[in-house]
Amino acid sequence: MQDTAQGEGGYAAFRRELQDFAQGACPPEIRAVVAAGQKVTKREYQRWQQILHAKGWGAPSWPREHGGTGWDVKQRLIFEEVMAENDCPPLYHHGLGHIGPVIIRFGTPDQKSRFLPRILDGSDWWCQGYSEPGSGSDLASLSTSARLDGDDYVINGQKTWTSHAHEASMIYMLVRTSKEARRQDGISLLLVPLDTPGITVRPIRSIDGWHHLNEVFFDEVRVRADNLIGEPGRGWTCAKFLLERERLPPANVARLELVRRQVTRIVDEAAHAGAGQRDFSSLRYRLMLAEADVKGARELLGEATDALLHQRPLGVQPSVIKLLCSDVAQRLTSIALDAVGPTAAHRFLADTNMDDDGGDSPGIWIQNYMFSRARTIAGGTSEVQRNVVATELLGAA
Ligand SMILES: Cc1cc2nc3c(=O)[nH]c(=O)nc-3n(C[C@H](O)[C@H](O)[C@H](O)COP(=O)(O)OP(=O)(O)OC[C@H]3O[C@@H](n4cnc5c(N)ncnc54)[C@H](O)[C@@H]3O)c2cc1C
């Protein structure tokens, strides 16, 4: 496969190659999980990552010299679309999409050789330690500290809402290494193995019954000083670089189309089962409006992709796309919930252990509806995104 596709013909051939690969290489049992709207487990993610890695496609967004594909942004977008169209799992974002690119951009050669190969082959599973009790939207107020002691940093404090910490091997975390007049200036980014003594992970069970959120406590945790990325006190630059990537993942839009397809099927099935007993026209109308917005999100992403391809500034696009995607995801799951109806809701509430994906299809859609409530909070709330858009377009107050 060439590094960059040339012209539309090149992109079309690229799409066909991906299509053949997705259908031939992704295990049917994993595709069935994705198609049903169930949660992909760590083991399934890792298996798919190993298959992609063996093909040389383990890191679509990384440069070739670090084991990536060297694809341009349009190829990466096509990759996400084709994978979603064929019910393949998304890439596990914390390693490949978040900290990997930060290490590539800001890390030392030693850090690159220690951490990147283990992300590529799926052996390390990362989580993000940014938020703390009282420091979410106002992240610069964080207070978890790291003091230098010989060749180590010693960490004390607490992180919260840490997705997947209970099954991760590594955490990338923002810590305060000094107190400066400008709060952002005393923050550093540290990479910490989660089996280090002094770390305690406690579960937070969310409204959908799933356990993926956690609190993580640090009590005199020693980590080697050369696990700090970039200069001490310059972690804010890395954090911003990472957050911009978090808000503009092509996967979000491609996966939205997958959800639209799934919800359309749920509505069709429910209409068929309840034919003559319920009126589905208003559900279909809402579905049509959501479909128009999914297309709109795709257009916006196309424009952003084009801007990246031609090195033009992105401006407010990541925030607008995040706002739109989280809103449409909530509306789609709400349509699915209305389609499956109160009987399924009752079954869900009666079942207190939903760890293993919830069983039957209606139960899954109630879980998905509940999980989608978090979409307007995780990765920066909608209110904060609107502030970003308003400040950029109208200027600071
Ligand atoms: C499902 C999920 C997964 C997450 N995973 C992770 C993770 O892996 N790692 C991690 O570090 N964090 C994670 N988070 C945390 C997430 O980043 C924070 O919840 C988010 O940034 C909001 O912070 P907060 O919860 O402290 O709310 P707050 O910042 O206290 O906000 C409370 C309310 O006030 C509003 N608000 C705050 N500031 C402003 C403002 N300036 N203008 C207008 N309104 C404002 C908010 O919009 C919100 O409605 C996750 C959260 C969720 C829900």
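The values are calculated or read from the model by the stated rules, or taken from the named source; none is laboratory data. Note that this is a predicted model, so its numbers are computed, not measured. Ideal geometry is used to build each Cβ from the backbone, glycine not excepted, and the neighbour counts take in all protein chains shown. We work out accessible area using only protein heavy atoms, side chains counted, and drop any ligands, DNA or RNA first. Shrake-Rupley method; radii C 1.70, N 1.55, O 1.52, S 1.80 Å.
Quick check on region 50-90: take the gyration tensor over C-alpha atoms, sort the square-rooted eigenvalues as a ≥ b ≥ c, and tell me if it's rounded (a/c under 1.5), prolate or oblate.
Details: a/c = 3.12, a/b = 1.33, b/c = 2.35.
Oblate.
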Spin-label pair E29/Y285, simplified geometry with 7 Å Cα→Cβ offset, distance in nm: 4.5 nm
Bins of 5 Å from zero: percent of alpha-carbon pairs in region 213-265: 4, 13, 11, 12, 18, 13, 9, 8, 6, 4, 1
For the chain, projected area of the alpha-carbon convex hull averaged over all directions, nm²: 20.9 nm²
For the chain, the longest site-free run once trypsin sites (Lys or Arg not before Pro) in DSSP loop states with at most 11 other Cβ atoms within 10 Å are removed: 183-397
Solvent-accessible area per residue, Å², over the chain with all protein chains present [probe radius 1.4 Å]: 46 Å²
Value of relative contact order over region 170-220, rounded to a whole percent, pairs C-alpha under 8 Å and six or more apart: 28 percent
Paired Rg and Dmax values of region 103-148, which use every Cα atom, in angstrom: 14.3, 36
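List the relative contact order of the chain as a percent without decimals, with contacts defined as Cα pairs under 8 Å and 6+ residues apart.
Numbers: 621 pairs, mean separation 56.0, N = 397.
Answer for the chain is 14 percent.
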Whole-Hz couplings from phi, Karplus 6.51/-1.76/1.60, listed for region 81-90; x for Gly and Pro: 5, 5, 4, 5, 4, 9, 6, 8, x, x
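Which semi-axis lengths, in whole Å and largest first, follow from the square roots of five times the eigenvalues of the Cα gyration tensor of region 34-151? Walk me through the numbers before you get to the answer.
On the way: eigenvalues 159, 77, 39 Å².
Ellipsoid half-lengths, sorted descending, are 28, 20, 14 Å.
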Region 1-110: relative contact order in percent, alpha carbon pairs under 8 Å with at least 6 residues between: 31 percent
Rg(Cα) / (2.2 N^0.38 Å) computed for region 247-317, rounded to two decimals: 1.49
When each of K42/K74; K42/K112; K39/K159; K240/K322; K159/K179; K74/K322 is checked by Cα-Cα distance, pairs over 21 Å: K42/K74; K42/K112; K39/K159
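Report, to the nearest whole %, how much of the accessible area of the chain belongs to carbon and sulfur atoms, 1.4 Å probe, protein only.
53 percent
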